Ligand code: CMC
């Protein structure tokens, strides 16, 4: 804590109000407005544009410089040298694991990949054409009905077991939601495989055809999970924290995060990018869509562009772009027509005055969709894959909150409705 303070003078209140100012390790200073309520004042910040909702030690973003650090380590270094499960360990425990710690962690995750056999029957209650995110919202919340031995949030061991279960079972549940939609049998996890490889095996293998997963594609999948692992207090993570602050169980909290992620302004953007590229259909139509994105009277936005925090290149997008080039070269898909549209769209947007002035750069979702499509993942599964990768971030934040002192999250409002008025009987209205 620093000795700095901010002083607020409000019309109608004689005394100036002193507010403490906190300093983090890096990043903007934070004015602590907690004392305002004693003066009958609230702060007003729709969209939480300048509100720090909590203290955290997990992830740091400098949006102006395009920096993303997990526990201090830059995302590009992790993407190059680490892997998804090692990054999970880092996010959960704060340090990179040594060899033994890593082996034990990976083994424990593998031990939890299977889901309770009765969860399979849940899927039969959904329509075959249900969106896989709809299924995920339901089945992840339903885990709390199956794993009663990891619901006591005050017990550190329960929290650990819930974390392992969620990280391990998300790919299994995700692949099951795909298999259900195409009418193929569910595949059991194969614990001899790596995390991403196992996911691809459950997605594309069948009981009569052993899956042959190329190591390049498994690596690309692993990198996608890693690049989505955490992103500090985004909408879904904040939702998980808010749900968790009421004391809800971890499976219910993660289900709330999945629901918040689904929207096209957040995780749903990767699916929306591909749909947009398909709608554009040809390089010759790009100008028309860019013009629509700039038209104030048209709600259309270029999906995969812009970010609340990054006002510079999204560092995840840089890595994702390189990965996209690698994967497409590996698969001999450099001349893919959708990729040609994406590349041209990127060029145009990056040189267009509107996008430059508003600092709208391509974000992680712009390139991840291209890789996922090249990997043969159906578009409707894109956001599910984001959810699989982000699960560790949600849990790390939830656990950080529950392990410390916290209060139920309870924002206030600027009320602009009616003042008190008397009830009118039906015949007087
Ligand atoms: N296309 C055209 N104009 C845009 C776009 C876009 N993609 N994004 C923002 N703008 C304009 C917007 O119209 C506004 O203009 P003005 O100041 O004239 O009213 C200005 O830029 C600021 O936009 P905003 O909506 O106030 O910014 P925000 O911080 O509230 O929203 C965002 C951020 C990501 C929701 C938004 O940029 C967006 O809708 N992008 C497209 C969806 C997308 O790609 N989302 C994925 C985000 S990254 C992954 C994740 O976090 O899940």
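All but one of (1) away from the ligand (no atom under 16 Å from the Cβ); (2) crowded, with 24+ Cβ neighbours inside 10 Å hold for residue 337, so report the exception by its number.
It is condition (2) that residue 337 fails.
Matching residues to (1) within 24 Å of residue 150 (Cβ to Cβ); (2) surrounded by 13 or more Cβ atoms within 10 Å (Cβ to Cβ); (3) away from the ligand (no atom under 16 Å from the Cβ):
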| position | (1), (2), (3) |
| --- | --- |
| 34 | no, no, yes |
| 41 | no, yes, yes |
| 47 | no, no, no |
| 59 | no, yes, no |
| 70 | no, yes, no |
| 75 | no, yes, no |
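Taking residue 13 as meeting all but one of (1) farther than 24 Å from residue 64 by Cα; (2) without any contact (Cβ under 8 Å) to a residue 12 or more places away in the chain, write down the number of the exception.
(2)
Looking at 120, 71 in this structure, which one is in contact (Cβ under 8 Å) with a residue 12 or more places away in the chain and on the phi > 0 side of the Ramachandran plot? Steps first, answer last, please.
Details: 120 fails: on the phi > 0 side of the Ramachandran plot.
Going through 120, 71 in turn, just one is in contact (Cβ under 8 Å) with a residue 12 or more places away in the chain and on the phi > 0 side of the Ramachandran plot: 71.
Would you confirm whether any residue within region 244-251 is at pLDDT 95 or above, away from the ligand (no atom under 11 Å from the Cβ) and loosely packed, with under 15 Cβ neighbours inside 10 Å?
First, the residues of region 244-251 that are at pLDDT 95 or above: 244-251.
After this cut, where a residue has to be away from the ligand (no atom under 11 Å from the Cβ) as well, the list is 244-251.
Within this subset, residues satisfying the condition of being loosely packed, with under 15 Cβ neighbours inside 10 Å are 246-247.
Yes, region 244-251 contains at least one residue that is at pLDDT 95 or above, away from the ligand (no atom under 11 Å from the Cβ) and loosely packed, with under 15 Cβ neighbours inside 10 Å.
Taking the criterion of being in a helix (DSSP H, G or I) and out of contact with any strand residue (DSSP E or B) (no Cβ under 7 Å at 6 or more places or on another chain), would at least one residue in region 181-191 satisfy it?
yes
Tell me which residues, restricted to region 304-317, are under 16 Å from residue 352 (Cα atoms) and within 9 Å of the ligand (Cβ to nearest atom).
Once the filter is applied, which keeps residues that are under 16 Å from residue 352 (Cα atoms) and within 9 Å of the ligand (Cβ to nearest atom), region 304-317 yields 304, 305, 306.
Here's a check for you: in region 252-271, which residue that is surrounded by fewer than 22 Cβ atoms within 10 Å (Cβ to Cβ), touching a residue at least 40 places away in the same chain (Cβ under 8 Å) and within 14 Å of the ligand (Cβ to nearest atom) is farthest from residue 317 (Cα to Cα)?
Checking each candidate, the answer is 259.
Pick from region 370-382 the residues that are closer than 15 Å to residue 225 by Cβ and part of a helix (DSSP H, G or I): which of them is nearest to the ligand (Cβ to nearest atom)?
Ranking the candidates gives 382 first.
Can you tell me which of (1) part of a loop (DSSP other than H, G, I, E, B); (2) farther than 21 Å from residue 136 by Cα; (3) within 17 Å of the chain's Cα centre (by Cα) is the one residue 229 doesn't meet?
Of the numbered conditions (1) part of a loop (DSSP other than H, G, I, E, B); (2) farther than 21 Å from residue 136 by Cα; (3) within 17 Å of the chain's Cα centre (by Cα), the odd one out for residue 229 is (2).
The values are calculated or read from the model by the stated rules, or taken from the named source; none is laboratory data. All of these numbers come straight from a predicted model, not from anything done at the bench. For neighbour counting, all protein chains shown are included, and Cβ atoms are generated from backbone atoms with ideal geometry for every residue, glycine included.
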